[in-house]
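Take a look at the structure below.
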Amino acid sequence: MPAHEFTLEDLKRILREGAGADDGVDLDGDIVDTDFESLGYESLAMLETGGRIEREFGVTLDDDTVTDAKTPRELIEAVNALLVPARIG
């Protein structure tokens, strides 16, 4: 079980490791409310990202959770919602 919550920095690292970063996108900018599509991440890249999150953080994300999250904020909140029950139990 991870010792911390899933953060924007975790997401940026996983996005870079799994799908790379589009040359025209600065992931170090204020991207928390930017659509993944605008950041250059399509559904396949997001599914890969979801798989990496699952392995690293020990959660199970269904495909809809990953593809329905339109922004980094939405995905981070979804992952953290799964981490909270694991920390309590």
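The values are calculated or read from the model by the stated rules, or taken from the named source; none is laboratory data. Keep in mind that this is a model prediction, so the values were computed, not measured. Cβ sites come from the backbone with ideal geometry, for glycine too, and all protein chains shown count toward neighbours. Areas reflect the complete protein model, heavy atoms only, side chains present, ligands, DNA and RNA absent. Shrake-Rupley method; radii C 1.70, N 1.55, O 1.52, S 1.80 Å.
Protein-only accessible surface at a 1.4 angstrom probe places the residues R16, R55 in the order R55, R16, largest first. Angle of helix 8-19 to the longest C-alpha principal axis of the chain, folded into 0 to 90 degrees and rounded to 10: 60°. A simple spin-label model places the labels of T34 and H4 2.2 nm from each other, with each point 7 Å out along Cα-to-Cβ.
The angle between the Cα long axis of helix 72-88 and the longest principal axis of the Cα atoms of the chain comes to about 10 degrees, rounded to the nearest 10.
Where [x] 12.3, 43; [y] 16.3, 52; [z] 14.0, 50 are the candidate values, the label of the one calculated here for Rg and Dmax of the Cα atoms in Å is [x].
R73 contributes about 100 Å² of solvent-accessible surface, heavy atoms of the protein only, 1.4 Å probe.
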